[in-house]
Amino acid sequence: MQRIIWIAAAIGFVLWSLLAWFGYAMLGWARDFAMVNADRLTVSEFADGLLLAADLLGTAGGTAIVILWLFGTALIAAIAFAVSWLVRRYGGSDHPRIEVLR
């Protein structure tokens, strides 16, 4: 049972990491798109503001994604530890005994 818990935690960690990586990549793409097309997206007076906002959002958003990834990873590990402890304490062992009736 312990092995199943930790395999599930590892799968959760991989999926969470892929989601964070995808979000980080999409944020970078949106930032690059806004930087390249700032003059087409707004009037020229607002292009500098859009460039500044895109750069700030890209930096702050990237930091936020990394922080959320760390919290999610810690949560996955904490849940795995808690479930593992509960199973060990109340659920029995990995190899249950088979009692033979006589």
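The values are calculated or read from the model by the stated rules, or taken from the named source; none is laboratory data. This structure is a prediction, so every number in the text was calculated from the model and none was measured. Every residue, glycine as well, gets a Cβ built from its backbone with ideal geometry; the counts of neighbours run over all protein chains shown. Note: accessible area is taken over every heavy atom of the protein model, side chains too, but ligands, DNA and RNA are not part of it. Shrake-Rupley method; radii C 1.70, N 1.55, O 1.52, S 1.80 Å.
Worth a mention:
- In a simple Cβ point-charge model (Lys, Arg +1; Asp, Glu -1; nothing else charged), the chain has a dipole of about 940 debye relative to its Cα centre.
- Ligands, DNA and RNA are left out, and with a 1.4 angstrom probe the accessible area of the stretch 1-95 is 75 Å² per residue.
- Taking the longest Cα principal axis of the chain as reference, the axis of helix 44-86 is set at about 0 degrees.
- Against the criterion of solvent-accessible heavy-atom surface with a 1.4 angstrom probe, 1, 26 sort, most first, into 1, 26.
- Using alpha-carbon coordinates, inclination of helix 2-36 to the longest axis of the chain, degrees: 0 degrees
- Apportionment of accessible area to carbon and sulfur, the chain, percent (1.4 Å): 73 percent
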